[in-house]
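Worksheet: the structure to be examined is printed underneath.
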């Protein structure tokens, strides 16, 4: 009799283990602007460091040309989540209340206004770009991408009112950004890292403003906004929050990995084979060490700054002026700090 | 042992009411099912009609956009010179806002050599095989598992014709944009569901529920427009709308009707029934007391009066007859007021 119970116990354990082994991983998909945007590298890193498998999931990343397009992928059921600039998500939220922010990913906006090399000496300030053609990741008359908001804010502060320059959506692929500048089809681009450093290093463009520069951050209030945030859909979370909870655990695990590994290990994990690209990425990661959130928690201070940035960049839009950021923050899993 | 009359009547009345209740429930269930089936059939027919028009419209829209895109590229003469065709094409497409309908395109020579390509977001490069005169086909991309509609048309390359090959992803987003509440769409290709208007979750549910796209009580299938071949995808429309009439909604009038019937029966018959039993009881009491006393006293007279004013005619007559019988002097007696000898009950 005693052996019977021992055998039954062992059999139950084996069944449990084999069940776990054969359990299908939870499939999670995320849309991010990219590829190759430093702000969204944590999403690309997830499967490479096995943060998804550790939580019994399988994360698939798909790329979009800009923040609103990535949110569109989520709203149209192509993906479960999106990681985009919080200001872009706020712009979409004005029209679609389902869009909510679940965690902070990227703390530092590394936007740069780069002017094509041929205009060196001619363009010395933002005011000189009046009447010029500016390339940005994506633009829309309905929802503004973060790059569009940054551009409009910089130009207004620089004395160039909206409507006195041309905007062209050029996507965020390296080929399109570099090609448009080289061909002279755009005079400047509002881009982010590491493309900004690449454009400069390859002599294609020179930087006029870089938001990662502490002096610039001091000049432009609100420019310390929350750059990358995990975005979800409130209607889905209300029905079943298990996917969001799993995603948050994966994000926290990934951010913790980044916080405890060197820039070189980061670049190696991403699998960047080209030594030149690897070196440039390592340089950017070392130059801006506090780029990524350490634990995904929201900072009250940063949220206030994001709100100021958003309202300021959307001057003249009554819906934006009355918008309060807390309406779209779900911090029950990520948490909050000062 | 025989039941008392009250018990028998209560039992029969209770049985009758239960039968009424049963009939009401059966009728309500039948009406509910009939109405829901009819509503579902109408909804399904409307959905089938609606999506047939949607598919035709989509084909027309994509065909028009494909032709316009080719015209715009040709008008710029950017492919005429053999050098830097790719750069010129990219610059042109980026500057002009590219095409939302076709996020990926290729320009090929007629021998299949790719001379320029553009991808709005993701690089798409499925292996496509088209016969010389074929204008479009369907292909599943091995990289992302998505189904693509491939449209091919001639484009002028300056000295010769080439092909403009356009790729339209048939993904969850495309189905989400054309669906409406209460229906779930899935796109089936070569026996497998590849996209759903409810995303990955919807795809898993549909794949678990259907081995193949089929017409049923809650589903309809449509073939994509154009000549039907083994490569033609099928659109499965599943009705997700809740029933027109819910059980709780039909239960309310049934319960209400039953209680109205119950109260009506009680008002109409219970009072009559109680008065009739009281009349009969009065007769019995009068007879018992008369039997015990052998004479009519005030109580016997009261019971008889009660029985004479009751609702049952035959009992009233019986009460009159009994009173006459009790008032008659007993046989062998010659003086008034004498009484019958008491009975030993």
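The values are calculated or read from the model by the stated rules, or taken from the named source; none is laboratory data. Every value quoted in this text rests on a predicted model; they were computed, and no experiment measured them. Glycine gets a Cβ as well: all are built from the backbone with ideal geometry, and neighbour counts include every protein chain shown.
Restricting region B:150-181 to residues that are touching a helix residue (DSSP H, G or I) at 6+ places or on another chain (Cβ under 7 Å) and either away from every other protein chain (no Cβ under 13 Å) or assigned to a loop (DSSP other than H, G, I, E, B) (or both) leaves a set whose member that is farthest from residue A:29 (Cα to Cα) is B:156. For region B:54-111, name all the residues that are part of a loop (DSSP other than H, G, I, E, B) and over 49 Å from the mean Cα position of the chain (by Cα). Hits for region B:54-111 are B:77, B:78, B:79, B:80, B:81, B:82, B:83, B:84, B:110, B:111.
Residues A:135, A:171, A:131, A:158: which one is at positive phi and surrounded by 17 or more Cβ atoms within 10 Å (Cβ to Cβ)?
After applying the criteria, what remains is A:171.
Against the test of being touching a helix residue (DSSP H, G or I) at 6+ places or on another chain (Cβ under 6 Å) and away from chain A (no Cβ under 14 Å), the options B:229, B:225 yield a single qualifying residue, B:225.
Of all residues in region A:140-173, those being in contact (Cβ under 8 Å) with a residue 60 or more places away in the chain and within 12 Å of another protein chain (Cβ to nearest Cβ) number 5.
When you check residue B:73 against the structure, is it more than 30 Å from residue B:192 (Cβ to Cβ) and buried (at least 19 other Cβ atoms within 10 Å of the Cβ), yes or no? For residue B:73, the condition - more than 30 Å from residue B:192 (Cβ to Cβ) and buried (at least 19 other Cβ atoms within 10 Å of the Cβ) - is met. Filtered by the rule that a residue be surrounded by 21 or more Cβ atoms within 10 Å (Cβ to Cβ) and under 38 Å from the mean Cα position of the chain (by Cα), region B:150-169 gives a lone residue, B:168. Only a single item in (1) surrounded by fewer than 18 Cβ atoms within 10 Å (Cβ to Cβ); (2) in contact with a helix residue (DSSP H, G or I) (Cβ under 9 Å, 6 or more places away or on another chain) is not met by residue B:199, and it is number (1). Counting only residues that are touching a residue at least 60 places away in the same chain (Cβ under 8 Å), part of a loop (DSSP other than H, G, I, E, B) and in contact with a helix residue (DSSP H, G or I) (Cβ under 9 Å, 6 or more places away or on another chain), region A:275-293 holds 3 of them.
When restricted to residues that are within 11 Å of chain B (Cβ to nearest Cβ) and part of a loop (DSSP other than H, G, I, E, B), region A:179-224 contains 4.
Test of understanding: among A:272, A:231, which residue is without any contact (Cβ under 8 Å) to a residue 12 or more places away in the chain and outside any helix (DSSP H, G or I)?
Matching residue, one of A:272, A:231: A:272.
Of everything in region A:58-71 that is within 11 Å of chain B (Cβ to nearest Cβ) and under 15 Å from the mean Cα position of the chain (by Cα), the residue that is farthest from residue A:269 (Cα to Cα) is A:69.
For every residue, the table says whether it meets (1) modelled with pLDDT under 90; (2) closer than 24 Å to residue B:104 by Cβ; (3) touching a helix residue (DSSP H, G or I) at 6+ places or on another chain (Cβ under 8 Å); (4) within 12 Å of chain B (Cβ to nearest Cβ).
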| site | (1), (2), (3), (4) |
| --- | --- |
| A:2 | yes, no, no, no |
| A:19 | yes, no, no, no |
| A:40 | no, yes, no, no |
| A:56 | no, no, yes, no |
| A:85 | no, no, yes, no |
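Within region A:168-178, the set of residues being outside any strand (DSSP E or B) and at pLDDT below 90 comprises A:170, A:171, A:172, A:173, A:174, A:175, A:176, A:177.
Of the residues screened, residue B:145 is not one that is in a loop (DSSP other than H, G, I, E, B), over 29 Å from residue A:75 (Cα atoms) and either in contact with a helix residue (DSSP H, G or I) (Cβ under 8 Å, 6 or more places away or on another chain) or in contact (Cβ under 8 Å) with a residue 40 or more places away in the chain (or both).
Just checking, does region A:294-303 include any residue being in contact with a helix residue (DSSP H, G or I) (Cβ under 7 Å, 6 or more places away or on another chain), touching a residue at least 40 places away in the same chain (Cβ under 8 Å) and in a helix (DSSP H, G or I)? So far as region A:294-303 goes, yes, one or more of its residues are in contact with a helix residue (DSSP H, G or I) (Cβ under 7 Å, 6 or more places away or on another chain), touching a residue at least 40 places away in the same chain (Cβ under 8 Å) and in a helix (DSSP H, G or I). One residue alone among B:248, B:242, B:271 is within 22 Å of the chain's Cα centre (by Cα) and assigned to a helix (DSSP H, G or I), and that residue is B:248. Would region B:204-216 turn up any residue that is crowded, with 20+ Cβ neighbours inside 10 Å and in contact with a helix residue (DSSP H, G or I) (Cβ under 8 Å, 6 or more places away or on another chain)? So far as region B:204-216 goes, no, none of its residues is crowded, with 20+ Cβ neighbours inside 10 Å and in contact with a helix residue (DSSP H, G or I) (Cβ under 8 Å, 6 or more places away or on another chain). Only one entry of A:181, A:211 meets the criterion of being under 30 Å from residue A:333 (Cβ atoms) and crowded, with 17+ Cβ neighbours inside 10 Å, and that entry is A:211.
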